[in-house]
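What follows is one structure encoded as structure tokens, with my remarks underneath.
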Amino acid sequence: MIRKQFMGFMAAPQGRALRVGAGLALMGWGLTKGKPATTALGLVPLLAGVFDVCLLAPLVKLPFHGDELRRQT
């Protein structure tokens with residue numbers, strides 16, 4: 001139940017904004033500290049939020065794409 005609610009939040013606009021923000025924060029931190037791996041890692045949540053996919057949803061047997069995930073949660 002909690003996992004389904006969490007995935008619903010992650011598929012919602014607020015969850016997408018959180019992922020984009022986290023990605024930008026990781027990229028900014030990696031750039032200021034000179035850590036290219038952290039900068040590259042920041043692309044994962046950034047692009048997931050931009051392209052409306054949830055990478056964690058398939059782990060709990062829910063759809064990968066945001067529009068399908070929103071319909072099921």
message: Considering only region 34-50, I want to know if a residue exists there that is open to solvent by less than 80 Å² (accessible area, probe 1.4 Å) and in contact (Cβ under 8 Å) with a residue 60 or more places away in the chain.
response: no
query: Only one of Met7, Met27, Met1 is of a type in the set (A, V, I, L, M, F, W, C), open to solvent by less than 60 Å² (accessible area, probe 1.4 Å) and at pLDDT below 90; which?
result: Met7
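The values are calculated or read from the model by the stated rules, or taken from the named source; none is laboratory data. Bear in mind the structure is a predicted one, so any value in this text is a computation, not a measurement. Please note: Cβ atoms are built from the backbone with ideal geometry, for glycine as well, and neighbour counts cover all protein chains shown. These area figures cover heavy atoms from the full protein model, side chains too; ligands, DNA and RNA do not enter into them. Shrake-Rupley method; radii C 1.70, N 1.55, O 1.52, S 1.80 Å.
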